[in-house]
Ligand code: 4AD
Ligand code: MG
């Protein structure tokens, strides 16, 4: 029976020595034919299994190699060695699965690079770095649900396949069962989607927001947490073609309520990871220090990972308008010394170099930028009285840039329809969405947090491909 096994994390915290235990895991190292460091993924810390000389025959000893899986039955004893309180004195050692040391790519002797580990992403969970990253990712995901549940938000499962482009940016993956070689055509030569599976053109969702609004304007407060898909050809350390997004939507809320919720939410999930994953975060903090040793002094982080997270927990986010942000940039030494590659003037979409300047150089903390020009934002954002800006908010985080995008929504039917027409959004096809504004419209607001971006921030990893199990990026869909 397998479920008699004790997880190593629990075992390492046990004081009651003398008891019989069963542990199972994968060998990390085997020294002197005597000491096995065994890991089962519950923690980065290994349990030491001690074998007496002569206890096992040579053939069995040879099979205890890095990566092999074992079942060990033995006695938990106080450890004589340094580094651990307890260890297991082996009674029986059963090899569950061999691991050929000639072929196993994860020999610990030569530390593999993150780039190499991306190529063997199917095995990288077995390393300390990825063990820590994915346990932290799990905790953050759990904290998301805990936070919204405690606040009375309803978890709404919005569809993955849709027929609309929620962001109006045209970055969609098509979903079709039509033949690629010989699709049915209309008389004018265009493809006849009436013949397609859904009888119309469909795509993978870029955001659950529009359906989220339908839920919020009846249930009051909802959130979605699911995969979203963007066919944007951005091969950066911050973009994925498939990423997870959390999108809360609140009826009877304005931009300020939205900012308050986002700030409280981000602090809550970070605190949850700090309270529940201390060991893993300390490991990742150390990893970051090691990684940054290769960088010149001025490229290294000012704070350690833990200090950075504590700082975010203990300080409010800066709140500025887009117009103020532009003024800060125009008055910055960086601008005067022509250090920015992209132009700075009112109306531009802030580039990553601008965001980083504001967050890392000027404010040195997360910044919420509000009231962007309407022309660079989505159609659904509430139009401000100045006629130029919308009630948008983006949250920018040090080292990452944008982690949240959100807004108060345009709840006035005429204003919304007019904006949709201006932006060539098909009003007729969106009648279901507009019904929320026709029947008991209310002020409401919401935002989207890119889950991988917050995982990057919390783990101190620097490439988004390293915080999702299997990354989907342009020209890459392995595993
Ligand atoms: O700013 P975005 O496009 O906003 C929306 O989708 C809104 N519908 C959200 C809402 O108001 N309900 O995306 C929201 C966040 C971004 O701030 C970013 O963190 C993340 O999603 N994101 C990505 N993360 C990884 N890879 C990509 N390609 C991403 N695109 C956006
Ligand atoms: Mg955005």
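The values are calculated or read from the model by the stated rules, or taken from the named source; none is laboratory data. Only a predicted model underlies this, so the values are computations on that prediction, with no experimental measurement involved. Neighbour counts run over all protein chains shown; Cβ positions are idealised from the backbone, glycine included.
Mind telling me which of the residues 459, 436 ends up being buried (at least 20 other Cβ atoms within 10 Å of the Cβ), touching a residue at least 12 places away in the same chain (Cβ under 8 Å) and within 24 Å of residue 400 (Cα to Cα)? Show your work before the answer.
On the way: 436 fails: within 24 Å of residue 400 (Cα to Cα).
Every option except 459 fails the conditions.
Kindly evaluate residue 137 against the criterion of being crowded, with 17+ Cβ neighbours inside 10 Å and over 30 Å from residue 428 (Cα atoms). Working first, answer last.
Numbers: crowded, with 17+ Cβ neighbours inside 10 Å: yes; over 30 Å from residue 428 (Cα atoms): yes.
The answer is yes for residue 137.
Could you list all residues from region 250-298 that are closer than 23 Å to residue 215 by Cα and assigned to a helix (DSSP H, G or I)?
Taking region 250-298 first, the residues closer than 23 Å to residue 215 by Cα are 250-266.
Within region 250-298, 255, 256, 257, 258, 259, 260, 261, 262, 263, 264, 265, 266 meet the criteria.
How many residues does region 23-47 hold that are more than 33 Å from the chain's Cα centre (by Cα), in a strand (DSSP E or B) and surrounded by fewer than 18 Cβ atoms within 10 Å (Cβ to Cβ)?
Number satisfying all stated conditions: 2.
Which members of region 280-303 meet the condition of being at pLDDT 95 or above and in contact with a helix residue (DSSP H, G or I) (Cβ under 8 Å, 6 or more places away or on another chain)?
Scanning region 280-303 gives 280, 281, 282, 283, 284, 285, 287, 288.
Looking only at residues in region 445-479 that are assigned to a strand (DSSP E or B) and in contact with a helix residue (DSSP H, G or I) (Cβ under 6 Å, 6 or more places away or on another chain), which one is nearest to ligand 1 (Cβ to nearest atom)? Break it down into steps so the answer makes sense when it comes.
Narrowing region 445-479 to residues assigned to a strand (DSSP E or B): 445-450, 473, 476.
Those still in the list that are in contact with a helix residue (DSSP H, G or I) (Cβ under 6 Å, 6 or more places away or on another chain) too: 445, 447.
Working: 445: 8, 447: 5 Å.
Only one residue fits best here, namely 447.
Out of the residues in region 344-358 meeting the condition of being more than 15 Å from ligand 2 (Cβ to nearest atom) and in contact with a strand residue (DSSP E or B) (Cβ under 6 Å, 6 or more places away or on another chain), tell me which one is farthest from residue 309 (Cα to Cα). Working first, answer last.
Restricting attention to region 344-358, the residues satisfying the condition of being more than 15 Å from ligand 2 (Cβ to nearest atom) are 344-347, 353, 356-358.
Within this subset, residues satisfying the condition of being in contact with a strand residue (DSSP E or B) (Cβ under 6 Å, 6 or more places away or on another chain) are 347, 358.
Numbers: 347: 33, 358: 19 Å.
Only one residue tops the list, namely 347.
If you go through region 406-416 one residue at a time, do you hit one that is modelled with pLDDT under 95 and either within 14 Å of ligand 2 (Cβ to nearest atom) or under 17 Å from residue 449 (Cα atoms) (or both)? So that I can check it myself, show each step before the final result.
Applying the first criterion (modelled with pLDDT under 95) to region 406-416 yields none.
For region 406-416, residues modelled with pLDDT under 95 and either within 14 Å of ligand 2 (Cβ to nearest atom) or under 17 Å from residue 449 (Cα atoms) (or both): absent.
Taking region 18-38 as the region of interest, how many residues are within 22 Å of residue 132 (Cβ to Cβ) and without any contact (Cβ under 8 Å) to a residue 60 or more places away in the chain? Show your work before the answer.
So the first thing to find is which residues in region 18-38 are within 22 Å of residue 132 (Cβ to Cβ), and the list is 23-29, 36-38.
Within this subset, residues satisfying the condition of being without any contact (Cβ under 8 Å) to a residue 60 or more places away in the chain are 25, 36-38.
Count: 4.
Residue by residue, here is whether (1) over 25 Å from the mean Cα position of the chain (by Cα); (2) touching a residue at least 24 places away in the same chain (Cβ under 8 Å); (3) under 30 Å from residue 450 (Cα atoms) holds:
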| site | (1), (2), (3) |
| --- | --- |
| 85 | yes, yes, no |
| 90 | yes, yes, no |
| 97 | yes, yes, no |
| 104 | yes, yes, no |
| 110 | yes, no, no |
| 116 | no, no, yes |
| 132 | no, yes, yes |
| 139 | no, yes, yes |
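Applying the selection to region 96-117, what residues are surrounded by fewer than 16 Cβ atoms within 10 Å (Cβ to Cβ) and in contact with a helix residue (DSSP H, G or I) (Cβ under 6 Å, 6 or more places away or on another chain)?
98
Would you check which residues across region 379-396 are surrounded by 22 or more Cβ atoms within 10 Å (Cβ to Cβ) and either without any contact (Cβ under 8 Å) to a residue 24 or more places away in the chain or within 13 Å of ligand 2 (Cβ to nearest atom) (or both) and list them?
If the condition is that a residue be surrounded by 22 or more Cβ atoms within 10 Å (Cβ to Cβ) and either without any contact (Cβ under 8 Å) to a residue 24 or more places away in the chain or within 13 Å of ligand 2 (Cβ to nearest atom) (or both), then 380, 381, 390, 392, 393, 394, 395, 396 are the ones that fit.
Look at region 221-236 and say how many of its residues are in contact with a helix residue (DSSP H, G or I) (Cβ under 7 Å, 6 or more places away or on another chain) and part of a loop (DSSP other than H, G, I, E, B).
0
Of these, 272, 229, 225, which one is within 16 Å of residue 139 (Cα to Cα), surrounded by fewer than 22 Cβ atoms within 10 Å (Cβ to Cβ) and in contact with a strand residue (DSSP E or B) (Cβ under 7 Å, 6 or more places away or on another chain)? Explain how you work it out, then say what you get.
Details: 272 fails: in contact with a strand residue (DSSP E or B) (Cβ under 7 Å, 6 or more places away or on another chain); 229 fails: within 16 Å of residue 139 (Cα to Cα).
Step by step, each of 272, 229, 225 is checked, and only 225 is within 16 Å of residue 139 (Cα to Cα), surrounded by fewer than 22 Cβ atoms within 10 Å (Cβ to Cβ) and in contact with a strand residue (DSSP E or B) (Cβ under 7 Å, 6 or more places away or on another chain).
Per-residue answers, yes or no, for (1) touching a helix residue (DSSP H, G or I) at 6+ places or on another chain (Cβ under 7 Å); (2) closer than 24 Å to residue 104 by Cα; (3) surrounded by 11 or more Cβ atoms within 10 Å (Cβ to Cβ):
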{"residue": "52", "(1), (2), (3)": "no, no, no"}
{"residue": "57", "(1), (2), (3)": "no, yes, no"}
{"residue": "77", "(1), (2), (3)": "no, no, yes"}
{"residue": "92", "(1), (2), (3)": "no, no, yes"}
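Would you confirm, using the coordinates I've provided, whether residue 196 is modelled with pLDDT of 95 or more and either more than 30 Å from residue 443 (Cα to Cα) or crowded, with 22+ Cβ neighbours inside 10 Å (or both)? Before you say what the answer is, go through the steps one by one.
Numbers: modelled with pLDDT of 95 or more: yes; either more than 30 Å from residue 443 (Cα to Cα) or crowded, with 22+ Cβ neighbours inside 10 Å (or both): yes.
When the stated conditions are applied, residue 196 passes them.
Which of the residues that make up region 363-388 are in contact with a helix residue (DSSP H, G or I) (Cβ under 6 Å, 6 or more places away or on another chain), over 17 Å from residue 449 (Cβ atoms) and away from ligand 1 (no atom under 12 Å from the Cβ)? Spell out how you get there, then give the answer.
Kept after step one, since they are in contact with a helix residue (DSSP H, G or I) (Cβ under 6 Å, 6 or more places away or on another chain), are these residues of region 363-388: 367-369, 371-372, 379, 383.
Then keep just the ones that are over 17 Å from residue 449 (Cβ atoms); that gives 371-372, 379, 383.
Of everything in region 363-388, those that are in contact with a helix residue (DSSP H, G or I) (Cβ under 6 Å, 6 or more places away or on another chain), over 17 Å from residue 449 (Cβ atoms) and away from ligand 1 (no atom under 12 Å from the Cβ) turn out to be 371, 383.
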